[in-house]
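Q: Pasting in a structure now, in structure tokens, and then I'll have a few things to ask.
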Amino acid sequence: MSMVKRLVRRMGLDGNPLRRPLDRTQARIVLLLLVVFAIGSPAVAWMTGHAVYRHGLSAQSQQPHRFRTEAVVLREAARPATNPAVGTGLRPPVLVPARWTAPDGTARSGDILVSAGTTAGTTIPSWTDAAGQLVTTPRDRGEIVERAVVLAAFAAAALVLALAGVETAVRRAFDRYRMAAWQAAWSRIEPQWSRRA
């Protein structure tokens, strides 16, 4: 028996006359879910990835001009006290005063986030806007593509989980119906079979 025939038979789509209408209906629902998966998963992944990529490019083009500068840390970033029983673990960033040069050459100062233990005088690569205020690091095209790919994969996985949930719910509902029908049939047949009134 070929692999396809075996799969068709296993799914309940082989036209077996012993299959109940309920079994055939369930098989059709499972087939429909498989078709939705085969067509929908790549489509959802592509649409999500494309939308995220376009949004990233749009946000990148709408960002105000950003200028690279070096911020000089003015005070050592305090190390948080560690508990020897717990270990060092990951240390959260610390806000410390720093100074940097604005695009027009004027000196600016303010607080920046640095790793705990950063010493005074350390230079931190930073970005400013045209007014000299610190801004977040602009995303490059590679980061936008990476984000689009990751979110596309998550969208496809979410569709798979949703379809698996639907299949599980359908199977359980049909199994409950089968058990109820089996109980009803048994309650009619069992007294005749056991010769009990």
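What follows is calculated from the coordinates using simple rules that are stated; it is not laboratory data. The shown structure was predicted, so the numbers you read here are calculated from the model rather than taken from an experiment. Every residue, glycine among them, receives a Cβ derived from its backbone with ideal geometry; neighbour counts consider all protein chains shown.
Q: Ignoring everything except DSSP H segments at least 4 long, calculate the 222 nm mean residue ellipticity for the chain; use -39,500 (n - 2.57) per segment, divide by total residues, nearest 500.
A: -19500 deg cm²/dmol
Q: Something else now. Calculate the dipole size of the chain relative to its Cα centre from +1 charges on Lys and Arg beta carbons and -1 charges on Asp and Glu beta carbons; express the result in debye to the nearest 20.
A: 1540
Q: May I pose another question? Counting trypsin sites (Lys or Arg not before Pro) as exposed when in a DSSP loop with at most 10 other beta carbons within 10 Å, what is the longest stretch of the chain free of them?
A: Result for the longest clean stretch: 1-194.
Q: Of 132, 149, 118, whose Cα points farthest to the positive end of the dipole of region 103-197 (charges on the beta-carbon: +1 Lys, Arg; -1 Asp, Glu; origin at the Cα centre)?
A: Of 132, 149, 118, it is 149.
Q: Okay, moving on. Rounded to the nearest 0.05, what FRET efficiency is calculated for residue 190 and residue 161 with R0 set to 30 Å and r the Cβ-Cβ distance?
A: 0.10
Q: For the chain, with a Gaussian network of springs between Cα atoms less than 10 Å apart, report the residue from 46, 127, 182 with the top mean-square fluctuation.
A: 182
Q: Pairs of Cα atoms under 8 Å, at least six residues apart: use those to get the relative contact order of the chain, whole percent.
A: About 25 percent, as a whole number.
Q: Between residue 31 and residue 74, 0.36 nm times their residue separation minus their Cα-Cα distance comes to what?
A: Between residue 31 and residue 74, full extension yields 8.9 nm more.
Q: Still on this model: Would you mind ranking 39, 29 by Cβ crowding within 10 Å, fewest neighbours first?
A: Fewest-to-most ranking of 39, 29: 39, 29.
Q: Once amide H atoms are built 1.01 Å from N in the peptide plane, which residues 5 or more positions from residue 79, or in another chain, come under 5 Å H to H?
A: 117
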